[in-house]
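Notes follow once the structure below has been shown.
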Amino acid sequence: MSFFSGQCLVSMPGATDERFDKAVVYICAHTTEGAMGLVVNRRVEDFSFPALLSQLDITVSDYAKTVPVYAGGPVEQARGFVLHSPDYTGKTTLPVGTQTSLTVTTEILRDISAGTGPKDFLVILGYAGWDAGQLEKEIKENAWLPVKATPEILFGGNAEEKWSAAIKSLGIDPLQLASVQGKA
């Protein structure tokens, strides 16, 4: 069995679940028991990083006012994650692949606000989860396209362009993708 930890999955056009329409999901963990990933291209519009810091009694710097918050998926939307470059290591930092790490403590939020956090990062609320075999089934049904996770796809550009950039990284024109699959 092939596992997708450390890779991105890009939703195919015509996704039946609108929460994943044109989504780019970074898979943090994938085992025989299921999978967990973070949507990296959906900004939260009605909640800001300064509001999050204020709720946690963390000083809001001028820099913090520019940091976006992403909607990582429909599961536990109040739970926070920071997906980041491996140049930052906290007490509970978990490496995910060779290019990224995941930290879930307020320590990293303080460091980001102070400007001493990781070089590249995404502040994310919620996650996407799949039961055993569910993700594999969705991939076989052409719902997801595996794409190599790169810092450019994860942390570069603006959120609205990540889906197209991920598809283009495979040498595919997004306009050529069909929302239905054929049967032979």
task: Could you please find all residues in segment 64-122 being touching a residue at least 60 places away in the same chain (Cβ under 8 Å) and within 17 Å of the chain's Cα centre (by Cα)?
output: 68, 70, 83, 85, 96, 97, 98, 99, 100, 102, 122
- request: With the condition kept exactly as written, say whether any residue in segment 40-61 is in a strand (DSSP E or B), in contact with a Gly (Cβ under 9 Å, 6 or more places away or on another chain) and crowded, with 16+ Cβ neighbours inside 10 Å.
  value: no
- line: Residue count, segment 131-184, condition modelled with pLDDT of 85 or more, surrounded by 11 or more Cβ atoms within 10 Å (Cβ to Cβ) and more than 21 Å from the chain's Cα centre (by Cα), comes to 1
- request: Report yes if residue 2 is farther than 17 Å from residue 118 by Cα, surrounded by fewer than 19 Cβ atoms within 10 Å (Cβ to Cβ), of a type in the set (S, T, N, Q) and modelled with pLDDT under 95, otherwise no.
  value: yes
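The values are calculated or read from the model by the stated rules, or taken from the named source; none is laboratory data. These figures come from a predicted structure and were not determined experimentally. All Cβ positions, glycine included, derive from the backbone under ideal geometry; neighbour counts span all protein chains shown.
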